[in-house]
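Working notes for the structure below.
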Amino acid sequence: MTIRKITTFPADVLRTKAKEVKVFDDKLQQLIDDMVVTMRDAPGVGLAAPQIGIAKKVIVVEFGHESDENIPKQLYVVVNPEIVHKSEKTVAGVEGCLSVPGIAGEVNRAGVITIRGQDPKGQKIKIRAQGWLARIFQHETDHVNGILYTDRADTLWQPDAEETDSI
């Protein structure tokens, strides 16, 4: 596993719609492993392949329970992610991004989503998420579609060091 360099704005790959993954092999698993260690090293709670310069539809998310830090974090890997349902109710929240350092923004996101895709072996998966987990999935799925959270933010500012988690 190799910690990769985080690609930062204005790199073109961050504005490019990523390509669908069609081959589920050891190279894909190596990419996923590298993404996980890179996300953890950053540190962040999510990472999309374009954020390390790879225009492929792969995201990793690691998140714990919102109200109980004693519950271990869960790692999610979604290949070819697609949000297939969003609640009408949206929730405002502060976001940051490893690829847009030094800026935070308030973004309205669906409070509940359903995301589908494939696991690292190519098996179909579907995940229902709410709260911050739903926000992270939406943020990372935007990345594979060439969208940055700054495109969706109502306001942007330079945060204090502890004001926001980098997604």
Exercise. Most fluctuating residue of 156, 133, 47 in a GNM of the chain with Cα springs under 10 Å: which is it?
Worked result: 156
Seminar exercise, completed: Among beta bridges assigned by DSSP with both residues in the chain, the antiparallel ones amount in percent, to the nearest 5, to 95 percent
For this session: Starting with the fewest neighbours, write out 25, 142 ranked by other beta-carbon atoms found within 10 Å of each beta-carbon.
Result: 25, 142
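Bear in mind that the values in this text are calculations on the coordinates, not laboratory data. Given the structure is predicted, the values throughout are model-derived calculations rather than measurements. Note that we place each Cβ from the backbone using ideal geometry, even for glycine, and neighbour counts take in every protein chain shown.
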